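Remarks on the structure that follows.
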Amino acid sequence: MAERPEDLNLPMAVVTRITKEALPDGCMISKEARLALSKAASVFVLYATSCANTVAQKSKRKTLTAPDVFTAMEEMEFETFLDPLKDSLEAYRKEQGQVKERKAAKKKEKEEKDAADRALKDVAEESASLVTSELAQTVENGESEVVEMVTENGTDSDTPQVIE
C-alpha cells in the first residue's frame, strides 16, 4: 500500500473529468488546481483505505470488503457518500451479472452448435459405414452389379448408384 500521497498518483484525466462534472459549464481549472485536487484525492483514498483496513483487521481479516469501506466512511463522518457508493456498487454488480449471463449464453450456444455438428458428423459417418457394408455384402454375394459413386454431373460423390 502507498505510504505517502505521492505514491498514489491518480490519472489527471480522471481528476479533470470529475471536477468538470462538478463545476458549472464555462469554469476553467488551472493546472495547479488540478494538481492540488489530485493530491487531495490521493490523500482521501489513502485515509479511506487505512480506515477500511483497520475495520477489516478488527474482524481478523486481511481482505477489504465493501462493508469495510462503508463502515470506514461512517467512522470518517462521510455518511453523505454512503448512498452514492452503495448505488455505484449495485450498478457495478448488475453490470457484472449481465456480463456473466452473456458469456454463459454464448458458451451454451457454442456447446449446442458443437453438439449439433458432432451429431451431423456421426450421422454422416454412420451413413458412409452403412453404404460401405452394403457394398461389401454385394461383392460377397457375387452379384455382378457395378456400383459407382456418381453425382448429377458425372463426378465422384457420396451417393452410390448401381450401373448395370
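Read-outs: derived from the displayed coordinates by stated rules, not from any lab. Please read these numbers as outputs of a predicted model, since none were measured by experiment. All Cβ positions, even for glycine, are placed from backbone atoms using ideal geometry, and neighbour counts span all protein chains on display.
What the table shows:
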quantity: Segment Lys62-Phe44, extension gain: residue separation times 0.36 nm, minus the distance between their alpha carbons; calculated: 4.4 nm
quantity: R0 of 22 Å, Cβ-Cβ distance Lys94-Ile18: FRET efficiency to nearest 0.05; calculated: 0.45
quantity: P(r) of segment 34-137 over all Cα-Cα pairs, binned every 5 Å from zero, in whole percent; calculated: 2, 10, 10, 11, 10, 8, 7, 5, 5, 5, 4, 4, 4, 4, 4, 3, 2, 1, 0
quantity: Highest average packing first - 128-134, 46-52, 10-16, Cβ atoms within 10 Å; calculated: 46-52, 10-16, 128-134
quantity: Length released on extending from Leu85 to Thr54, taking residue separation times 0.36 nm less the Cα-Cα span; calculated: 9.2 nm
quantity: Where trypsin sites (Lys or Arg not before Pro) fall in DSSP loop in segment 51-96, at most 12 other Cβ within 10 Å; calculated: Lys60, Arg61, Lys62
